[in-house]
Amino acid sequence: IHVASNLTAADGGEDARIQWEDGPDRTAFLPSRNCLLQIKAAEIAPRRAASDVLTSAGALEPAIKETLESGGSYIMLCNRPYVRKAIVDRETAVREAIRTQGVAIESVQVAFRDADQVASWVNEHPPVATWVLEQTQPGLATTLRTWTHWAGRHENEFPFVPDERLTELRRQLRGTFDNERSIFRIVGLSGVGKSRLVLEALADEEANGIQSSHLVLYGVEAELGPQKVKAAIQLLADLGRRAVVVIDRCLQETHDDLAAMVRRSSSHLSLITIDHEIPGGTLPLGTLYVEEAAEGVVEAVIRTMAPGLPSGEGRRLVRFADGFPQLA
């Protein structure tokens, strides 16, 4: 997915593009594997929609021409709602303008999505819908919040330092993105860094091309209350929406109720809960224990937070923190 941040540069007819290789040939909203999108933030009449695919000289915009000739799709997005006939009129006008330029296309290669269709598309993906509300109307954001909002919480304000515990935790939790209805419970003493490790484990891995954070929804049971958390997850499960839900400071009783909701056959959710309550005996299947941090991790945290601290004071604090980054 590429969206240009420069809104004034000549773009050859391309505001955004969505391409992929593996997976389905198309989706409910994207008619092919190669989709070029133009975005209109105002009312647009059929004639204007048709002229918008042409250059000032009357030729087809080069990016649109290249995409269509290679079998891709052209989609115009508009932030105004239209009745079905008005949508068809705009699609027809654009297709005629393209064919007039001698480019042979199938009708399905050109689409017009109005505000209602765009809203339906966004609402298929709860973390995306939540992100839109966070950016535009914060008071309407859902009980659960996005990975980006989670990363911006005050307890995550300091840069993450390398931690050998992350590798194994990330390997285990990656399954929540691939396997619907997967459930994990993360436990460990308070202050060892469980929540920060899970946050980093679910982050995008740019080096490996893994985009995952956009699937994550986060909440803290101690802040929201168990009833709000349960209601939010029950609704997502009933609607069959895909998301990886993370509930922090989650009691065992709440975890059990949420797990039952996530396991229902219509659910497309995955669940991760975090808490400092450690069950006795052998850990149940799906429960991961986070040990105290290595001395080097605590030392790096202290250096990051207080770079000018005398070395003797730093060593004393490392011993005092004793494997608890939060205490450091």
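Restricted to helices (runs of 4 or more DSSP H) entirely inside segment 177-285, those with at least 1 residues that are polar (S, T, N, Q) and surrounded by 16 or more Cβ atoms within 10 Å (Cβ to Cβ) are 194-201, 226-239, 252-263. Looking across Ser51, Ser73, one residue alone is small (Gly, Ala, Ser) and either without any contact (Cβ under 8 Å) to a residue 24 or more places away in the chain or open to solvent by 50 Å² or more (accessible area, probe 1.4 Å) (or both). It is Ser51.
Taking the criterion of being of a type in the set (Val, Ile, Thr) and surrounded by 13 or more Cβ atoms within 10 Å (Cβ to Cβ), the residues of segment 78-112 that qualify are Ile87, Val88, Thr92, Val94, Ile98, Val103, Ile105, Val110. In this structure, does Ile186 turn out to be closer than 23 Å to Asp275 by Cβ and at pLDDT 95 or above? Yes: the conditions hold for Ile186. Does Glu21 satisfy the criteria of being open to solvent by 90 Å² or more (accessible area, probe 1.4 Å) and either in contact with an Asp or Glu (Cβ under 9 Å, 6 or more places away or on another chain) or of a type in the set (Asp, Glu) (or both)? Taking the combined requirement at face value, the residue satisfies it.
Taking segment 131-169 as the range and being crowded, with 18+ Cβ neighbours inside 10 Å and charged (D, E, K, R) as the test, the residues that pass are Arg145, Asp163, Arg165. Of all the residues in segment 101-128, those that are aliphatic (A, V, I, L, M) and more than 24 Å from Leu144 (Cα to Cα) number 7. Considered as a group, the residues in segment 63-91 that are outside any helix (DSSP H, G or I) and touching a strand residue (DSSP E or B) at 6+ places or on another chain (Cβ under 6 Å) include one that is nearest to Glu43 (Cα to Cα), and that residue is Cys78. Search segment 287-307 for residues being free of Cβ contacts under 8 Å to residues at least 40 places away in the same chain and among the charged types (D, E, K, R), and hand back the single one that is nearest to Val187 (Cα to Cα). My answer is Glu295. When you check Ala115 against the structure, is it small (Gly, Ala, Ser) and surrounded by 15 or more Cβ atoms within 10 Å (Cβ to Cβ), yes or no? In short, no. If you go through segment 15-60 and keep only what is of a type in the set (S, T, N, Q) and assigned to a helix (DSSP H, G or I), you end up with just Ser51.
The residues in segment 92-121 that are in contact with a Pro (Cβ under 7 Å, 6 or more places away or on another chain), small (Gly, Ala, Ser), assigned to a helix (DSSP H, G or I) and touching a residue at least 40 places away in the same chain (Cβ under 8 Å) can be counted, and the count is 1.
Glu124 meets all of the listed conditions (1) without any contact (Cβ under 8 Å) to a residue 60 or more places away in the chain; (2) within 30 Å of Tyr218 (Cβ to Cβ); (3) of a type outside the set (Gly, Ala, Ser) but one, namely (1).
Of all residue pairs spaced 6 or more apart or on separate chains, those with beta-carbon atoms under 7 Å, a first member in segment 156-179 that is over 14 Å from Val198 (Cβ atoms) and a second member that is open to solvent by 20 Å² or more (accessible area, probe 1.4 Å) and part of a loop (DSSP other than H, G, I, E, B) are Glu164/Ala294. Considering segment 307-325, the residues that are of a type outside the set (D, E, K, R) and out of contact with any helix residue (DSSP H, G or I) (no Cβ under 8 Å at 6 or more places or on another chain) include one that is most open to solvent (accessible area, probe 1.4 Å), namely Phe320.
To keep it simple, each residue is scored yes or no on (1) out of contact with any Asp or Glu (no Cβ under 9 Å at 6 or more places or on another chain); (2) free of Cβ contacts under 8 Å to residues at least 40 places away in the same chain; (3) more than 17 Å from Gln101 (Cα to Cα).
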| position | (1), (2), (3) |
| --- | --- |
| Ala4 | no, yes, yes |
| Ala28 | no, no, yes |
| Gln38 | no, yes, yes |
| Ala42 | yes, yes, yes |
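Among the residues of segment 209-238, those identified as farther than 13 Å from Thr143 by Cβ and touching a residue at least 60 places away in the same chain (Cβ under 8 Å) are Ser213, His214, Leu215, Val216.
Results for (1) among the polar types (S, T, N, Q); (2) more than 30 Å from Val298 (Cβ to Cβ); (3) more than 20 Å from the chain's Cα centre (by Cα), shown as yes or no for each residue.
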residue: Ala93; (1), (2), (3): no, yes, yes
residue: Asp114; (1), (2), (3): no, yes, yes
residue: Val122; (1), (2), (3): no, yes, no
residue: Ala129; (1), (2), (3): no, yes, no
residue: Leu133; (1), (2), (3): no, yes, no
residue: Thr148; (1), (2), (3): yes, no, no
residue: Glu155; (1), (2), (3): no, no, yes
residue: Arg165; (1), (2), (3): no, no, yes
residue: Gln172; (1), (2), (3): yes, no, no
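The values are calculated or read from the model by the stated rules, or taken from the named source; none is laboratory data. What you are looking at is a predicted structure, and each value in this text was computed from that prediction instead of being measured. Neighbour counts run over all protein chains shown; Cβ positions are idealised from the backbone, glycine included. All accessible areas refer to the heavy atoms of the entire protein, side chains included, with ligands and DNA or RNA removed. Shrake-Rupley method; radii C 1.70, N 1.55, O 1.52, S 1.80 Å.
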